[in-house]
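For reference, the structure I am asking about is given below.
The values are calculated or read from the model by the stated rules, or taken from the named source; none is laboratory data. Not measured: the values here are computed from a predicted model. Cβ placement follows ideal geometry from the backbone for every residue including glycine, while neighbour counts extend to all protein chains displayed. Quick note on the areas: whole protein, heavy atoms, side chains included, nothing else; ligands and nucleic acids left out. Shrake-Rupley method; radii C 1.70, N 1.55, O 1.52, S 1.80 Å.
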Amino acid sequence: MPYVPHTPDEVREMLATIGVGSIEDLFAEITEEMRPQSFDVPEGLSEMEVLSKLEGMAAKNATDRSSFLGAGFYDHYIPAAVDALTMRGEFYTAYTPYQPEASQGTLQAIFEYQTAVTRLLDMDCSNASVYDGGTALYEALMMAVRQTKRRKVVVSEALNPIYRVMLDSYTSNLHLEFVTVPHKKGKTDIEGIKAAIDDKTAALIVQNPNFFGSINDFTELFTAAREKKALSIMSCYPVLQTLLKTPGQMGADIAVAEGQSLGLPLSFGGPYLGIMTCTKKMVRQMPGRIVGRTEDTEGRTGYVLTLQAREQHIRRQKATSNICSNQSLCALRALVHICSLGEMGLKRAARLSIERAHLCAEKLTAIDGVEMLTNGPFGNEFAVALPKNAYEVITKLTERGYVPGFPLGRYYEGLENGLLVACTEKTSEEQIGILAEMMKGALR
Amino acid sequence: MIPADLKYAKSHEWVRIDGDIATIGISEFAQEQLGDLTFVELPAVGDTFEQGAEFGSVESVKAASELYAPIGGEVVEINEELEDAPEKVNESPYDEGWLIKLKISGEPEGLLDADAYKALIESEAH
Amino acid sequence: MKTIFEKSVAGREGCWPCDGLAAEAYIPKELLREEEIGLPSAGELDVVRHFTKLSQRNFGVDGNFYPLGSCTMKYNPKFTEVVAAMPGFTRLHPVLPQLKGAGHLCQGALEVMYETERLLCEITGMHSYTLHPMAGAHGELTGVMLMAAYHKDKGNEKTKIIVPDSAHGTNPASAAIAGYEVISIESRDGIIDPEALREVLDDKVAGMMMTCPNTLGLFEKNLPEIVRMLREVDALLYYDGANLNAVMGKMRVGDVGFDIVHLNLHKTFATPHGGGGPGSGPVGVSERVAPYLPISRVQKLEDGQFFLDYDYPKSIGYVAPFYGNFGVYLKAYAYILRLGGTGLTRATENAVLAANYMRKRLEKHFEIPYNRTCMHEFVAGAVHQAEKGVRALDIAKALLDKGHHAPTIYFPLIVKECIMVEPTETENKATLDHFVDDLIAIAELTEADPEAVQKAPVTLPVTRLDETLAARGMVLTEDMGS
């Protein structure tokens, strides 16, 4: 059998040591009434057969289209070193670093990851990551609820709607009061959010750039929140964070991000990376693993999991979260990605993405009837209003090999003509030119 | 070491009553069981607690334990030094490692004297 | 070892140098960050060497026996990586199937999801699955949310969840986070005592979470009775699939009456743990719980086409942004295809064989608190050794010096000086013997020279690390601390 090494002789020897006649004797406690009613799993295949079957399935996915899809998940270039290094079995096939002396590689890497993301977001502390950007936001919200002992949450409607529906699902049994402040033509309504914060508010949640790609400075909003003793939670986009004013500078208490854009392939939705950072004051509310620096008995520097008394394996039902796994390998990928590109390379990726998006916006809005839906500064993603239903246009262009963007009507009533378009450094000027031509044709 | 002049709660807090002020800490036995403390979470001055209510927690590397008020009252002072030096609770649980002071409200019930507390921890140790 | 930040040299170009383009041309200055970030500037070789050296400071299944109890550290077949790296999968944007008329662009991926769900249904005897939960604990939370939705829909007023004292810490934590009161019951003779259960069981009980075999490696032989008791009060029975590797082909949790089950694909189905994730924690349910599963759900039309269905009004909603850790369950799917039904059964049989063999070989040297036939893992207690001052922790460290990863220690909490060994089916007999011999040698050294054991490890890049200093000093980044 694949992956079971024992020879028949060895099996006999082992059974003799145990003192039973057959392997089946070891399952005697599973009585007849508990035995399977069926176990109709097809017979195994050779490695070659499995690969061939899956190659066939992969071929049924059309990945040859030029895509302008983003919506929070971006196709950035990943340096080859990322796969080469993170696939090393010593990282890949290790478990959570429960034995620190035998896990210094994983632990130091997480420490470096924590350093990298806190610098990128300009925050004090980071954990070793959570599942994804959405669960990071939910955990951030729960941190704020615990810290403030308040139950009202003010959410911007321009927060990624995929995350808004996740927050709704997770908190449906928890008796929280959600106030959603509508966007204003795709812009975050800062004044509206400010007005909604009162002395019952645990936290406000905003995103920068927001779902429509629009960029803000929330400094004043966060200051206003602080006056009401409410906490400020900001979701951000790590690649652009190399250039944009940081959550730390703006005064956020908790900053989270989807880390997919840092070296993780799109892979149909996962595995991704939930980046979670906060101020030093909040660190004991942080869920999940955290790595700290310490010394061994000889005085040498080493790393361990720390502040574990927050966690489920010690606190059980009183833990800050039930989370056990982090996305360790994804965090390692993000770190290697950051290091491979370096500070300058990462900034270049961001700048090129922004440049391409502005070129794309210019070309699209030059078409009759196409206008910017959201005005003002944007990064590598922007919203345009088309003269007809965006779904129809998307369908038409996709058939011709170009996926022009995401239909805003899927989540926003009244924006059925809205199209959200994203570019990265991988988007070529030629592709942008063709998209504009096709769009012109489709709208004619 | 179980000072005779203190009263004890079954949850291993001690209390020293001086007029209407009660000073509260954890016992030698409790700090030993927890090991080296790494963090002490205390309430704010002005918070009030009923007897038996949770008023904070202590953490070591491998354990965490909630703290329960052995007597009811309003917090008038907390031991701020513990924020940077939680080890004081290990080093001097009855003196420098005190946790909070309460202005007493109401009579405490069911507190143990030193002998009764000694009997309790002996039974727990077995 | 220096960190990559300490090795950084200002101005050194990485694999993609900056070309001086300015963002200011597009975005007003007041929205931009001013200072340098402080990310490393290192050459590609610097980076490659740094992470290669770091990796050499790690144990992993590829290099070391890793009998970490409850974690099922079996060999992760290499071909599954080839599958997960196929561009036809990695390049798929997750919103693609949400575009009208674009479902045909990702039929292969949807088929993987559909087929994986069907296989997991057959392996566990459940009615339906969701692949969305991104790890075991995430599956638990999803499962408890399903429980809450079921009772709410039926108008049941339930407030409590029962958890045995041998349970994983995630069980009570998940129940509490979903808003339930947690009731712990004591085991008797290592398994759930129906009498203890009867004492706490009333109509406020929403359900019970159990692991079978439990964390002591023992089969819960009172299972049929427990199922009957819970049914009487309309409580749901939850199966923590952490230990599914012990029963594949021997018992299906759906057949014996479980309503909700989460699996850990990174344990039973051999996807790599990656130093603590990513995992994948699909949740299976019985027919009566199926209406509440998260959305979206993948469906197959009569013409063989697959699509995502969002029309489930009773659904608990979204637990993941899309469809879970696709890249992880893709590997598990490939693993199941490779092994087939017979291979999965053999995996279980040999996992149980290996655990019993090791238990039997160790019984004269260590206390085995429940010394009877175990399933895929067993617990030993270093109680005799502790009398000499050598604790489970010391033994674990001494094993590291011998090149083995240590077993799980001090869990489950109900066993003194607990050492929990899970060898898995993929280790050969020589490896099992080598580990047992080394463990016996450590027990002997404990008699002769306990201090030598207490000093371990001495062969690794660091000796024992001061965890108290770490927690008190709280240096969590290069920028914190002195």
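Can you tell which of C:Gly317, C:Gly327, C:Gly340, C:Gly304 is surrounded by fewer than 23 Cβ atoms within 10 Å (Cβ to Cβ) and assigned to a helix (DSSP H, G or I)?
After applying the criteria, what remains is C:Gly340.
Considering only the stretch C:48-145, give the helices (runs of 4 or more DSSP H) lying wholly within it that have at least 3 residues that are more than 8 Å from chain A (Cβ to nearest Cβ) and under 16 Å from A:Met57 (Cα atoms).
Of the helices (runs of 4 or more DSSP H) lying wholly inside the stretch C:48-145, those with at least 3 residues that are more than 8 Å from chain A (Cβ to nearest Cβ) and under 16 Å from A:Met57 (Cα atoms) span C:107-124.
All but one of (1) part of a helix (DSSP H, G or I); (2) at pLDDT 95 or above; (3) polar (S, T, N, Q); (4) crowded, with 18+ Cβ neighbours inside 10 Å hold for A:Thr398; state the number of the condition that does not hold.
So the condition that A:Thr398 fails would be (2).
Out of A:Phe268, A:Phe222, I need the residue that is in contact with a helix residue (DSSP H, G or I) (Cβ under 8 Å, 6 or more places away or on another chain) and on the phi > 0 side of the Ramachandran plot. Which one?
Only one candidate qualifies: A:Phe268.
Can you name every one of the strands (runs of 3 or more DSSP E) wholly within the stretch A:237-326 that holds 2 or more residues which are within 22 Å of the chain's Cα centre (by Cα) and of a type in the set (A, V, I, L, M, F, W, C)?
Output list reads A:254-258, A:274-278.
Next question, about the same structure. Which of the residues spanning the stretch B:58-78 are more than 24 Å from B:Leu112 (Cα to Cα) and of a type in the set (S, T, N, Q)?
B:Ser60
Need pairs with beta-carbon distance below 6 Å; first residue under 13 Å from A:Leu386 (Cα atoms) and within the stretch A:425-441, second open to solvent by less than 40 Å² (accessible area, probe 1.4 Å) and among the β-branched types (Val, Ile, Thr); sequence gap 6+ or separate chains.
A:Met439/A:Ile367; A:Lys440/A:Ile367
Separate question: Any idea how many residues of the stretch C:87-106 are open to solvent by less than 20 Å² (accessible area, probe 1.4 Å) and either outside the structural domain of C:Pro321 (by TED's automatic domain parsing) or not small (Gly, Ala, Ser) (or both)?
10
Taking the stretch A:319-363, which residues are more than 7 Å from every other protein chain (Cβ to nearest Cβ) and free of Cβ contacts under 8 Å to residues at least 60 places away in the same chain?
A:Glu362
State whether one or more residues within the stretch C:283-300 are modelled with pLDDT under 95 and farther than 18 Å from C:Val112 by Cβ.
Checked the stretch C:283-300: no residue is modelled with pLDDT under 95 and farther than 18 Å from C:Val112 by Cβ.
Inside the stretch A:67-150, counting only helices (runs of 4 or more DSSP H) that do not spill past its ends, which hold 1 or more residues that are closer than 21 Å to C:Glu81 by Cβ, facing another protein chain (nearest Cβ under 9 Å) and touching a residue at least 12 places away in the same chain (Cβ under 8 Å)?
A:80-86, A:89-92, A:104-121
Select from the stretch C:27-41 the residues that are in a helix (DSSP H, G or I) and either in contact with an Asp or Glu (Cβ under 8 Å, 6 or more places away or on another chain) or not assigned by TED's automatic domain parsing to the domain that holds C:Gly14 (or both) and list them in ascending order.
If the condition is that a residue be in a helix (DSSP H, G or I) and either in contact with an Asp or Glu (Cβ under 8 Å, 6 or more places away or on another chain) or not assigned by TED's automatic domain parsing to the domain that holds C:Gly14 (or both), then C:Glu30, C:Leu31 are the ones that fit.
Also, I was wondering about something else. Could you check, for the stretch C:467-477, whether at least one of its residues is β-branched (Val, Ile, Thr) and within 14 Å of chain B (Cβ to nearest Cβ)?
Yes: the stretch C:467-477 contains one or more residues that are β-branched (Val, Ile, Thr) and within 14 Å of chain B (Cβ to nearest Cβ).
What about C:Gly340, is it without any contact (Cβ under 8 Å) to a residue 12 or more places away in the chain and at the interface with another protein chain (Cβ under 8 Å from one of its Cβ atoms)?
In short, yes.
Further question: Tell me which residues, restricted to the stretch C:187-225, are farther than 18 Å from C:Asn371 by Cα, within 12 Å of chain A (Cβ to nearest Cβ) and surrounded by fewer than 21 Cβ atoms within 10 Å (Cβ to Cβ).
The answer is C:Asn222, C:Pro224, C:Glu225.
Is it true that A:Met14 is surrounded by 20 or more Cβ atoms within 10 Å (Cβ to Cβ) and over 44 Å from the mean Cα position of the chain (by Cα)?
yes
Now, a different point. With C:Glu349, C:Glu367 as the choices, which residue is acidic (Asp, Glu) and within 8 Å of chain A (Cβ to nearest Cβ)?
After applying the criteria, what remains is C:Glu349.
So in the stretch C:452-470, with the set limited to residues that are in contact (Cβ under 8 Å) with a residue 60 or more places away in the chain and in a helix (DSSP H, G or I), which one is surrounded by the fewest Cβ atoms within 10 Å (Cβ to Cβ)?
So the residue we want is C:Gln454.
Checking A:Met48 against (1) among the aliphatic types (A, V, I, L, M); (2) more than 7 Å from chain C (Cβ to nearest Cβ); (3) touching a residue at least 12 places away in the same chain (Cβ under 8 Å), which single condition isn't satisfied?
(3)
Return yes or no: is A:Thr188 free of Cβ contacts under 8 Å to residues at least 40 places away in the same chain, of a type in the set (S, T, N, Q) and not assigned by TED's automatic domain parsing to the domain that holds A:Cys423?
Considered against the rule, which asks whether it is free of Cβ contacts under 8 Å to residues at least 40 places away in the same chain, of a type in the set (S, T, N, Q) and not assigned by TED's automatic domain parsing to the domain that holds A:Cys423, A:Thr188 comes out as yes.
Regarding A:Ala357, is this residue outside the structural domain of A:Glu258 (by TED's automatic domain parsing), of a type outside the set (S, T, N, Q) and in contact with a Leu (Cβ under 6 Å, 6 or more places away or on another chain)?
no
Failed condition for C:Ala380, given (1) open to solvent by less than 40 Å² (accessible area, probe 1.4 Å); (2) in contact with a Gly (Cβ under 7 Å, 6 or more places away or on another chain); (3) outside any helix (DSSP H, G or I); (4) outside the structural domain of C:Glu220 (by TED's automatic domain parsing), with all others met?
Here C:Ala380 meets the rest and fails (2).
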